[in-house]
Amino acid sequence: MDVSLLYFDGCPSWHDAERNLLAALAEVGAPDVVVHRQLVDTVEEAERVGSLLGSPTILVNGRDPFAVLGATPGLSCRVYRTDAGLAGVPTVAQLREALAAQAPHRP
(Lines give C-alpha, C1' and ligand atoms only; values in the text may rest on other atoms or scores of the structure.)
Protein backbone atom coordinates (compact mmCIF):
# COMPACT_ATOMS: atom_id res chain seq x y z
CA MET A 1 0.00 0.00 0.00
CA ASP A 2 1.29 3.46 -0.90
CA VAL A 3 0.39 6.19 1.62
CA SER A 4 1.32 9.86 1.33
CA LEU A 5 0.73 12.85 3.58
CA LEU A 6 0.74 16.18 1.74
CA TYR A 7 0.96 19.38 3.75
CA PHE A 8 2.35 22.89 3.84
CA ASP A 9 4.72 24.08 6.53
CA GLY A 10 2.27 26.46 8.21
CA CYS A 11 -0.41 23.79 8.61
CA PRO A 12 -1.22 23.33 12.31
CA SER A 13 -2.91 19.94 11.75
CA TRP A 14 -0.50 17.82 9.77
CA HIS A 15 1.20 16.34 12.85
CA ASP A 16 -2.19 15.21 14.21
CA ALA A 17 -3.04 13.74 10.80
CA GLU A 18 0.21 11.79 10.78
CA ARG A 19 -0.41 10.52 14.32
CA ASN A 20 -3.96 9.37 13.41
CA LEU A 21 -2.69 7.82 10.20
CA LEU A 22 -0.02 5.78 11.97
CA ALA A 23 -2.58 4.59 14.53
CA ALA A 24 -4.98 3.56 11.75
CA LEU A 25 -2.21 1.70 9.89
CA ALA A 26 -1.44 -0.25 13.06
CA GLU A 27 -5.13 -1.09 13.50
CA VAL A 28 -5.47 -2.47 9.95
CA GLY A 29 -2.37 -4.61 10.40
CA ALA A 30 -0.07 -2.49 8.28
CA PRO A 31 2.26 -0.84 10.82
CA ASP A 32 5.26 -1.27 8.50
CA VAL A 33 3.77 0.86 5.71
CA VAL A 34 5.95 3.92 5.23
CA VAL A 35 4.04 7.20 5.14
CA HIS A 36 5.63 9.44 2.53
CA ARG A 37 5.54 13.07 3.62
CA GLN A 38 5.35 15.63 0.84
CA LEU A 39 5.89 19.27 1.77
CA VAL A 40 4.22 21.62 -0.69
CA ASP A 41 5.67 25.13 -0.53
CA THR A 42 3.81 27.19 -3.12
CA VAL A 43 0.39 27.54 -4.70
CA GLU A 44 2.00 26.70 -8.03
CA GLU A 45 3.37 23.45 -6.61
CA ALA A 46 -0.05 22.61 -5.11
CA GLU A 47 -1.62 23.13 -8.55
CA ARG A 48 1.12 21.08 -10.25
CA VAL A 49 0.76 18.23 -7.74
CA GLY A 50 -3.00 18.58 -8.15
CA SER A 51 -3.89 16.44 -5.18
CA LEU A 52 -3.27 18.89 -2.30
CA LEU A 53 -6.89 19.87 -1.65
CA GLY A 54 -5.90 21.65 1.52
CA SER A 55 -3.52 20.63 4.25
CA PRO A 56 -3.26 17.96 5.40
CA THR A 57 -4.21 15.71 2.49
CA ILE A 58 -3.81 11.94 2.75
CA LEU A 59 -3.43 9.80 -0.35
CA VAL A 60 -3.90 6.04 -0.31
CA ASN A 61 -2.56 4.38 -3.46
CA GLY A 62 -2.58 7.81 -5.12
CA ARG A 63 -6.24 8.47 -4.28
CA ASP A 64 -7.70 10.94 -1.79
CA PRO A 65 -10.39 8.97 0.08
CA PHE A 66 -11.79 12.20 1.53
CA ALA A 67 -11.91 14.26 -1.67
CA VAL A 68 -14.91 16.55 -2.03
CA LEU A 69 -16.35 17.20 -5.47
CA GLY A 70 -15.36 20.64 -6.69
CA ALA A 71 -12.43 21.14 -4.29
CA THR A 72 -9.45 22.87 -5.87
CA PRO A 73 -5.75 22.48 -5.06
CA GLY A 74 -4.20 25.14 -2.86
CA LEU A 75 -2.35 26.11 0.29
CA SER A 76 -5.20 26.28 2.75
CA CYS A 77 -6.14 24.44 5.89
CA ARG A 78 -8.40 21.53 5.15
CA VAL A 79 -11.54 20.62 7.09
CA TYR A 80 -12.89 17.09 7.42
CA ARG A 81 -16.43 16.02 8.35
CA THR A 82 -16.32 13.69 11.35
CA ASP A 83 -18.97 12.23 13.65
CA ALA A 84 -18.05 14.94 16.17
CA GLY A 85 -18.38 17.75 13.60
CA LEU A 86 -15.81 19.53 11.47
CA ALA A 87 -12.15 18.87 12.31
CA GLY A 88 -8.72 19.61 10.91
CA VAL A 89 -7.96 15.90 10.46
CA PRO A 90 -9.87 12.71 9.78
CA THR A 91 -10.42 10.45 12.77
CA VAL A 92 -8.54 7.21 13.30
CA ALA A 93 -11.78 5.35 12.51
CA GLN A 94 -12.22 7.22 9.21
CA LEU A 95 -8.62 6.53 8.26
CA ARG A 96 -8.92 2.87 9.27
CA GLU A 97 -11.94 2.51 6.98
CA ALA A 98 -10.16 4.25 4.07
CA LEU A 99 -7.03 2.12 4.51
CA ALA A 100 -8.96 -1.14 4.86
CA ALA A 101 -10.77 -0.41 1.59
CA GLN A 102 -7.41 -0.13 -0.20
CA ALA A 103 -5.51 -2.90 1.56
CA PRO A 104 -4.78 -6.04 -0.46
CA HIS A 105 -7.19 -8.78 0.51
CA ARG A 106 -5.59 -11.86 1.99
CA PRO A 107 -7.05 -15.32 1.37
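Some notes on this structure:
- Pairs, first within 16 Å of His15 (Cα to Cα) and charged (D, E, K, R) in segment 73-97, second open to solvent by 40 Å² or more (accessible area, probe 1.4 Å) and not in a loop (DSSP other than H, G, I, E, B), C-beta under 6 Å, six or more apart: none
- Boolean, Glu44 is acidic (Asp, Glu) and surrounded by 14 or more Cβ atoms within 10 Å (Cβ to Cβ): no
- Selection status of Asp32, part of a loop (DSSP other than H, G, I, E, B) and either more than 16 Å from Asp2 (Cα to Cα) or open to solvent by 30 Å² or more (accessible area, probe 1.4 Å) (or both): yes
- Filtering segment 74-90 to residues that are open to solvent by less than 50 Å² (accessible area, probe 1.4 Å) and over 15 Å from Thr57 (Cβ atoms) leaves Thr82, Gly85.
- Note on segment 50-72: residues that are touching a residue at least 40 places away in the same chain (Cβ under 8 Å) and surrounded by 16 or more Cβ atoms within 10 Å (Cβ to Cβ) amount to 8.
- Residues within segment 35-74 that are more than 13 Å from Leu99 (Cα to Cα) and either in a loop (DSSP other than H, G, I, E, B) or of a type outside the set (D, E, K, R) (or both), tallied: 25
The values are calculated or read from the model by the stated rules, or taken from the named source; none is laboratory data. None of these values were measured; they are calculated from a predicted model. FYI the Cβ positions are ideal-geometry reconstructions off the backbone, even for glycines, and counts take in every protein chain you see. In case anyone asks, the SASA skips ligands and DNA or RNA and just uses the protein heavy atoms, side chains included. Shrake-Rupley method; radii C 1.70, N 1.55, O 1.52, S 1.80 Å.
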